[in-house]
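Report on one structure; see the data block that follows.
The values are calculated or read from the model by the stated rules, or taken from the named source; none is laboratory data. Computed from a prediction, not measured in an experiment: that's the story for all the values here. Heads up, the Cβs are rebuilt from the backbone with ideal geometry, glycines too, and the neighbour counts pull from every protein chain shown. Just so you know, the surface numbers come from the protein's heavy atoms only, side chains and all, with ligands and any DNA or RNA stripped out. Shrake-Rupley method; radii C 1.70, N 1.55, O 1.52, S 1.80 Å.
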Amino acid sequence: MGRVVLIYGKSGSGKSRSLKNFNEDEIFLINVEGKDLPFRKTFKYETITDNYDKIQLGLTRMPVKTAVIDDAGYLLTNMFMRGHAGAHQGNQLFEFYNEIGDKFWGLFKFIKHKLPKDVIVYVIMHEDSLSDGKSFKLKTIGKLLDEKVCLEGMVTICLRCMSKHGKHYFVTHTDGDDITKSPEDMFSDTEIDNDLKAVDTAIREYYGMKGLKE
């Protein structure tokens, strides 16, 4: 049983930057948009794709135990943009939204039930504000994932990327206005360094999992 960990935040909050401290051969990066990384490093194991079949095949064949899907939200966006014009309206459009949601939900289920138990997949997404402008959730498409699935309900760890006065950091527990969560004694503080490698180490130690190099 693989583990899905959600990483979310605004654009520019440090989501991709958090990969900086991983060595070049320590992760499998699924670069959905083929976007340049915000630091001078390339990863040995990387694929550029928004195809679900290729992503799942890559996850089963990767030679490492940690994968990152960045930015997973564009799996939803790209599928919508390619198909919404042909869906038109009514039942056809409703079914199209359902297909988008089914594919994304299926990716989470694949990771959790088809990958080994020592594999962690970090799913990076943008955040979206609710109508009150003070509460925050994952940015998705359609109501299926928000109202029927609740993606954050499928995971135990959901970290929020934030930035203040030029400093990037992770938030590990909610203030009541977002979906952030983690086991209460997994991390040392509510705000920790913007370092996904350190997060990966903490998760593996907490659950007694093998380290990156084992």
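Things worth noting here:
- Test: residue in segment 7-14 that is among the hydroxyl-bearing types (Ser, Thr, Tyr), open to solvent by 20 Å² or more (accessible area, probe 1.4 Å) and free of Cβ contacts under 8 Å to residues at least 60 places away in the same chain: no
- Given (1) within 19 Å of Ser18 (Cα to Cα); (2) open to solvent by 20 Å² or more (accessible area, probe 1.4 Å); (3) touching a residue at least 40 places away in the same chain (Cβ under 8 Å), index of the condition Asp189 fails: (3)
- Of all residues in segment 106-130, those being under 18 Å from Ala202 (Cβ atoms), touching a Ser or Thr at 6+ places or on another chain (Cβ under 9 Å) and at pLDDT below 95 number 0.
- Selection count, segment 151-171, where residues are open to solvent by less than 50 Å² (accessible area, probe 1.4 Å) and part of a helix (DSSP H, G or I): 3
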